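Peer 1: Next up is a structure, given as structure tokens.
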Amino acid sequence: MRRAIPVMIGVSVALAGCGGTRDQGFTDVQKTVSQRTTAKIHWDQGSTEDEQSAAAVKQLLSHELGVDEAVQIALLNNRSLQAVYQDLGVAQADLVRAGLLRNPVFDVSAKFARGGGVRLELSIVEDFLDLFFIPMRKRLAETAIEGAKARVAGAVIDLATNVRVAVYRLQTTTQALELRRTVVQAASAAYDLTQRLRAAGNITKLDLLEQRGVFEEAKMHLGQAEVEVDELREHLNSLLGLWGDETQWIVAPRLPDMSADEMPMDGLERRAIERSLDLAITRSEIALHAQRLGIARPFGAIGNADLGVAAEKEIDGTWAVGPAASVPLPIFNFGQGAVAEARAELRRSQELYAAQAIEIRSRVRTARSRLLANRARVDYLQQAMLPLRRAAVEETQLHYNGMLASPFRLIQTKQNEIAAGVDYVEALGGYWIALAMLNQLLDGRVPMDAGSDSAATSPRMMGGQMDRGH
Amino acid sequence: MAPHHTCFARLASLMLTGSLIMGADEAPKVPKVPAPQPGAVAEHGAAHADAKATAKTLPPGEPGTDYTPVVVPNGTTLPWKVVDGVKVFHLTAEPVQHEFAPGLVATVWGYNGQSPGPVLELVDGDHIRVYVTNRLPEKTSVHWHAILLPNAQDGVSGLTQLGIPPGETVKYEFTVHQQGTFMYHPHFDEMTQMGMGMMGMIVIHPRNPKGPKVDRDFSIMLTEWAIKAGTSRPDTNEMMEFNILTMNSKAFPGTAPLVVKLGERVRIRFGNLGAMDHHPVHLHGYQFKVVATDGGDVEQAGQQPETTVLVPVGSTRAIEFVADAPGDWAMHCHMTHHIMNQMGHGLPNMVGVDAGDLDEQMRKLLPDYMTMGPTGMGEMAEMGMKIPENSIPMVGADGPHGYIDMGGMFTVLKVRDGITTYEDPGWYAQPKGTEVVTASPEELRRDGIEIDPPPAVPANGTPSAPAATPGAAMPHEHQHH
């Protein structure tokens, strides 16, 4: 990880001027992301900076990957994330569309009289209410853009978290695999000893077969662990958007040690609420619904009101020109349905907002207690279990020296020590994953559910459903 | 031995007299007793004790005048005082920190700070009073094993007396009317208390010894313990696997040697209060006679010559011989497991195993690993490998000719000419020309000894299977055409 720091700096320098791309709100997303992670994001839009981004990825891949490097690669190289960026383009297009006046309607009708002569009726009408709607529509579209930006930033945070979790899983499994190899080594030594005992005529064939069973079983478990490592690598390849020769990366083989102190609980909930991108999305929805309610109140009954010019050419060729208007009369439907719907939608989104905030607070507390539990487990294993197992090996060695313990017991004790080592590695991995989950919350995103790693573009929790258009 | 015979005859006639008196249903006619008799003696009224009652209670026997005191290797005799013609003793049953051999200390139970308890040394006809204080966490009692005494004094908790509660002191009092080697031990929770080491020897000298004078009279209690290596308390739940075998609660190299001047007459008294094992004690360099059991002296005609005396559980044996051969003579239980210390059971049999690169493999995991015992275990102890603390799994001792790889019930009878004290004289210097040395080629040639070339696989001691090669010469038919 240390070695990669200059590379990371290189990445930030190379992508420092990324704001120059067609913006569409991406700068705001970058700002949001930069408040949450040191990794840079870049939207491939056919600029020269795309090449810099690709070069940065290549450079990062040439070094041992730690969590930070992997996150940086994913943020630059994950194609799903690039696809999510297009949401900004879509929202921006909506805004453009919202600012345009509805096209006027030109109406022409001709009537042919018996015995010759044509009566022409021409009218050109414009939905004059549209003039009032444009600013409203624009406000709606602008609000929708805010939501889209929060969603995109959320996708970045999700991806970063998923990459972190995947790297920690891979490191955990790799490190545990190394330990499992020593278990096989121990089983192999024990089997070797039984073979020698058998060759000397000192044990039965049955004893030999039983010890071989232990050995073969250990080998089989090792095979399973190796497959697991391969699968976790593939998962990372997918998250990092890597294929072909790019998949030959090396992961830092050891999990980092725990930090000495745990982040204090004070203010964690508030921080998660304040920085919540999920809540930002819901807030934009509330704003949308409020705006819709504002529109529905005066215009609920009057969907459109046309105003224009009508001309009529009589058969005799004379023209009559005059204004034309058509307005729905609010007699039966005076807009009560539309208002009620808009109000219900607003209320719903407000309730969901509160529910979401409550859930975020709960998730923060859960994530923190899970983090503390993991820390306690790591500490316990490190301070109690591992020294205990190590001391047992040393003591068994003494017993072995005194011919008070068999070599098999000595090997078994060693295997117990290794098993405690595996427990430790897994607990340490669990700690880092728990920390990543908590940080995801603090960075404004509710994890899909603890432990499952979803694709970056998966839909969010209930409050954050996509805007259903307008 | 005529004197013994006479003694027996007298005893028999006394007993006969006693039963005649009983048969006549008369009050026992107690002969005039010089010493004042406390109440306990007055209770002599029932069973065989009547016969004893007719024997005299004599003034307290004094060492030097009435007897030559016993020598207790690694132990002591119990001090006493005379109060109104009665020998008064005090035994305190209590926990004791005991060293079995250098490297193994355990909390055991004993008497007066030691295990076995000090030897109770008496003379036939002594009237004794023994106070017993219980400093154990549970009740106890003292049974005077093979002593003929009034029933109430027999020390069987529940049967003849109340157990002595912790903190209390009781008094045993009786006159001894026999001579020989006996023992004392609790008769309450025997498995625990004897397993913890509570036992002691009783030596009763004859008032007027007959026969040749014994110069060196040794007293050795044999017993066995279950002390798991690395622990410091005997496991009294153990019934079979005893791993510390002791003489006077010491395991070799903790056992003190028996030092004797050349030509002295030696008696060795053995008692066995172990839980399960009889001990055939073998003495090197001598023939001896078993002269007594705890049932009394063996008549001379019945004294079979031996080199090994079997000391059964709950018995004593006394052997005698004249130490006429100088040297360091081993004396040990001949059960080979009884001359081992805490070495483990249930280990794989490594004899003959070709270790190959096994150690290399193992050291990747266990840097201190070394294959043990592929050529036998004789030299294991010498290697001085680190072992669990407070354990003596393979401990032996340096001897004058390398390492003595024995433990347990092993000691040395040191017979020397020209010594003036019985201090340990050190190792015996073999007279020049008597030592065992490598045979010279000249000697081999002279005596026609032909040595075959060593077998192909000497490392693991497995001969290259002669049976597998039909037609091969049998080992004893070596080809010298």
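The values are calculated or read from the model by the stated rules, or taken from the named source; none is laboratory data. Every value quoted in this text rests on a predicted model; they were computed, and no experiment measured them. Cβ placement follows ideal geometry from the backbone for every residue including glycine, while neighbour counts extend to all protein chains displayed. Heavy atoms of the whole protein, side chains included, go into the accessibility calculation; ligands, DNA and RNA do not. Shrake-Rupley method; radii C 1.70, N 1.55, O 1.52, S 1.80 Å.
Peer 1: Taking the Cα atoms only, what angle lies between the long axis of helix A:49-61 and the longest principal axis of chain A, rounded to 10 degrees?
Peer 2: Value to nearest ten degrees: 10.
Peer 1: What lysines does B:K139 reach when the alpha-carbon gap must be under 24 Å and sequence neighbours fewer than 8 apart in one chain are set aside?
Peer 2: Output for B:K139: B:K171.
Peer 1: How about A:K111: which lysines have a C-alpha closer than 27 Å to its C-alpha, ignoring those fewer than 8 places off in the same chain?
Peer 2: A:K313
Peer 1: Please determine, in degrees from 0 to 90 and to the nearest 10, the orientation of helix A:205-240 with respect to the longest principal axis defined by the Cα atoms of chain A, where the helix direction is its Cα long axis.
Peer 2: It works out to around 30 degrees.
Peer 1: Angle, helix A:407-442 long axis vs. longest principal axis of chain A, Cα atoms, 0 to 90°, nearest 10?
Peer 2: 20
Peer 1: Which whole number gives the average, over all residues in A:387-394, of C-beta atoms from other chains lying within 10 Å of the residue C-beta? Display every interim value, and only then the final one.
Peer 2: Details: counts 0, 0, 0, 0, 0, 0, 3, 3.
Per-residue shielding by partner chains comes out at 1.
Peer 1: Across the residues of A:410-420, average count of Cβ atoms on other protein chains within 10 Å? Walk me through the numbers on the way to the answer.
Peer 2: On the way: counts 5, 4, 0, 1, 4, 1, 0, 2, 1, 0, 0.
Per-residue shielding by partner chains comes out at 2.
Peer 1: Report B:M239's accessible area, 1.4 Å probe, all protein chains in place, as a number in Å² to the nearest 10.
Peer 2: 120
Peer 1: What residue among A:Q35, A:S349, A:L120 has its Cα farthest toward the positive end of the dipole of the protein assembly as shown, where the charges are +1 on Lys, Arg and -1 on Asp, Glu, each on the Cβ?
Peer 2: Selected residue: A:L120.
Peer 1: Round to the nearest 10 and report in Å² the accessible area of B:D235, as given by a 1.4 Å probe over the protein chains' heavy atoms.
Peer 2: Here the residue's solvent-accessible area equals roughly 70 Å².
Peer 1: How many square angstrom of accessible surface are buried between B and A, both sides summed, with a 1.4 Å probe and rounding to 100? List each step's numbers first, then the result.
Peer 2: Details: alone 24330 and 24390 Å², together 46090 Å².
So the buried area, both faces added, is about 2600 Å².
Peer 1: How well do other chains shield peptide B:351-361, expressed as the mean number of their Cβ atoms within 10 Å of each residue Cβ? Let's see the in-between values first.
Peer 2: Details: counts 3, 6, 10, 4, 3, 5, 1, 7, 1, 1, 7.
For peptide B:351-361, the averaged partner shielding equals 4.
Peer 1: Which value, in Å², gives the accessible area per residue of chain A when a 1.4 Å probe is used on the protein heavy atoms?
Peer 2: On the way: 23040 Å² over 470 residues.
Value for chain A: 49 Å² per residue.
Peer 1: Going by a 1.4 Å probe on protein heavy atoms, which residues of the range B:386-416 end up with at least 10 Å² less accessible surface in the whole assembly than in their chain alone?
Peer 2: Going by heavy-atom accessible area, the residues of the range B:386-416 that drop by at least 10 Å² are B:K386, B:I387, B:P388, B:P393, B:M394.
Peer 1: Moving on to the next point. In a shell of Cβ-Cβ distance under 15 Å around B:D354, excluding B:D354 itself, what net charge do Lys and Arg (+1) and Asp and Glu (-1) give? Intermediate results must be reported in sequence, preceding the final value.
Peer 2: Working: positive: A:R196, A:R198; negative: A:D192, B:D357, B:D359, B:E360.
In short, -2.
Peer 1: Pairs A:K40/A:K138; B:K87/B:K210; A:K58/B:K364; B:K81/B:K250: which are spaced more than 27 Å apart, C-alpha to C-alpha? Can you show the working numbers first?
Peer 2: Values: A:K40/A:K138 31 Å; B:K87/B:K210 24 Å; A:K58/B:K364 39 Å; B:K81/B:K250 29 Å.
Where the Cα-Cα span goes over 27 Å, the pairs concerned are A:K40/A:K138; A:K58/B:K364; B:K81/B:K250.
Peer 1: A follow-up question, please. Could you tell me what percent of the accessible area of the protein assembly as shown is made up of carbon and sulfur, with a 1.4 Å probe and every protein chain present?
Peer 2: Details: 26030 of 46090 Å².
Reported share for carbon and sulfur atoms: 56 percent.
Peer 1: Also, I was wondering about something else. Sorted by accessible area (1.4 Å probe), largest first, how do A:T174, B:T316 line up? All intermediate terms of the calculation are to be shown ahead of the outcome.
Peer 2: Details: A:T174 30, B:T316 0 Å².
The residues order as A:T174, B:T316, largest area first.
Peer 1: Suppose we compare each residue of the range A:190-238 in its chain alone and in the full protein complex with a 1.4 Å probe; which ones drop by at least 10 Å² of accessible area?
Peer 2: Residues of the range A:190-238 that lose at least 10 Å² of accessible area once the other chains are added: A:D192, A:L193, A:R196, A:L197, A:A200, A:N202.
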